[in-house]
């Protein structure tokens, strides 16, 4: 059972004093039979009280407010996580017709949400590809692996070509992106054939073979297979998620799993810096340097609360890979 040390630092610096910085964090790794959080130290500037609750998708979410005037806000998450390999399904463990009965889950939460489809300009074209790639009498497992391979082979991994605000229309036209984009395309494909699938945010920890997105935040997909449960699929690396994939949160898509987001009061501009380091428990961490992410406030902004576009954090980390 490998153990990983993970450090995730989010730092905001402001050009002047701000106050009432209200934030939501999803930085609490999932605890289950395949992943155990052995230690989690969370330190936040100003030492605010953190209210923790479980959201609709089962994630642990924290809310806090830094009320006092400040020129810097740092969120420092330090983890020790143990993971365990999940036995993979075999091709013949499912009957060929053992697909999800939509009537049986239409009122079950949250499975119905993992079938919701996002509409975009290329959807009809993708539907044709989904049908063309599908093979009669294939099991859900075989189909899921086939679609994972399709995304890996037909989309180019180009850090920096997209941002977290990039819509599926543009990703489809570019046929390129990063892990978040690969995951969103695979979600569409799987949901088109009625396989409930969800977005996963987390980290890829050191691997001897090397993987795209290693040593930073990462995104992949979990798909629900009858008779088995949730299976992680990483289209960025064309593999089944394994013990080097550490899960933070799940949801319908990236906005459901955003690690940090919030608002503050003040007219000062801010700059975002992020760093992630991962290592085996006994190794020296491989550190990703703090990444500068300058963000300008829109013109005409007043003392009203301003949304922190912290979703860019994940994208900026990926660009370093």
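The values are calculated or read from the model by the stated rules, or taken from the named source; none is laboratory data. Every value quoted in this text rests on a predicted model; they were computed, and no experiment measured them. Don't worry about glycine lacking a Cβ; one is built from the backbone with ideal geometry, like all the others, and counts go over all protein chains shown.
Which condition does residue 28 not pass, out of (1) in a strand (DSSP E or B); (2) modelled with pLDDT of 95 or more, if it passes all the others? Only one criterion in (1) in a strand (DSSP E or B); (2) modelled with pLDDT of 95 or more is unmet by residue 28, namely (1). Annotation note: of 164, 178, the sole residue that is touching a helix residue (DSSP H, G or I) at 6+ places or on another chain (Cβ under 7 Å), within 19 Å of residue 237 (Cα to Cα) and in the same structural domain as residue 132 (by TED's automatic domain parsing) is 178. Taking the range 134-152, which residues are surrounded by 15 or more Cβ atoms within 10 Å (Cβ to Cβ) and either without any contact (Cβ under 8 Å) to a residue 12 or more places away in the chain or more than 26 Å from the chain's Cα centre (by Cα) (or both)? Scanning the range 134-152 gives 134, 138, 139. In the condition set (1) in contact (Cβ under 8 Å) with a residue 40 or more places away in the chain; (2) surrounded by fewer than 19 Cβ atoms within 10 Å (Cβ to Cβ); (3) farther than 13 Å from residue 123 by Cα; (4) under 19 Å from the mean Cα position of the chain (by Cα), residue 194 is compliant with all but (4).
In this structure, does residue 165 turn out to be within 16 Å of the chain's Cα centre (by Cα), outside any helix (DSSP H, G or I) and modelled with pLDDT of 85 or more? Considered against the rule, which asks whether it is within 16 Å of the chain's Cα centre (by Cα), outside any helix (DSSP H, G or I) and modelled with pLDDT of 85 or more, residue 165 comes out as no. If you go through the range 65-105 and keep only what is loosely packed, with under 14 Cβ neighbours inside 10 Å, in contact with a strand residue (DSSP E or B) (Cβ under 8 Å, 6 or more places away or on another chain) and at pLDDT below 90, you end up with just 88.
Name the residues in the range 12-39 that are surrounded by fewer than 19 Cβ atoms within 10 Å (Cβ to Cβ) and farther than 20 Å from residue 200 by Cα, would you? Passing the criteria: 13, 15, 16, 17, 19, 20, 22, 38, 39.
Sort through 196, 206 and tell me the only one that's at pLDDT below 85 and under 21 Å from residue 249 (Cα atoms). Sole residue among the options that is at pLDDT below 85 and under 21 Å from residue 249 (Cα atoms): 206.
Counting only residues that are within 30 Å of residue 119 (Cβ to Cβ) and at pLDDT 55 or above, give me the strands (runs of 3 or more DSSP E) lying completely in the range 213-310 with at least 2 of them. Output list reads 217-225, 229-234, 245-251, 260-265.
Has the range 124-131 got at least one residue that is over 27 Å from residue 255 (Cα atoms), at pLDDT 90 or above, assigned to a helix (DSSP H, G or I) and assigned by TED's automatic domain parsing to the domain that holds residue 233? Explain how you work it out, then say what you get.
From the range 124-131, those over 27 Å from residue 255 (Cα atoms) are 128, 131; that's our starting set.
Applying the additional criterion that residues be at pLDDT 90 or above yields 128, 131.
Subset that is assigned to a helix (DSSP H, G or I): 128, 131.
Still in the list and also assigned by TED's automatic domain parsing to the domain that holds residue 233: 128, 131.
Yes; the residues of the range 124-131 include at least one that is over 27 Å from residue 255 (Cα atoms), at pLDDT 90 or above, assigned to a helix (DSSP H, G or I) and assigned by TED's automatic domain parsing to the domain that holds residue 233.
Taken over the range 168-202, the criterion of being part of a helix (DSSP H, G or I) and farther than 17 Å from residue 118 by Cβ is satisfied by 179 alone. Of all the numbered requirements in (1) at pLDDT below 90; (2) assigned to a helix (DSSP H, G or I); (3) farther than 29 Å from residue 88 by Cα, residue 112 misses one, and that requirement is (3).
For the range 136-147, a residue qualifies if it is part of a loop (DSSP other than H, G, I, E, B) and closer than 20 Å to residue 240 by Cα, and the qualifying residues are 138, 139.
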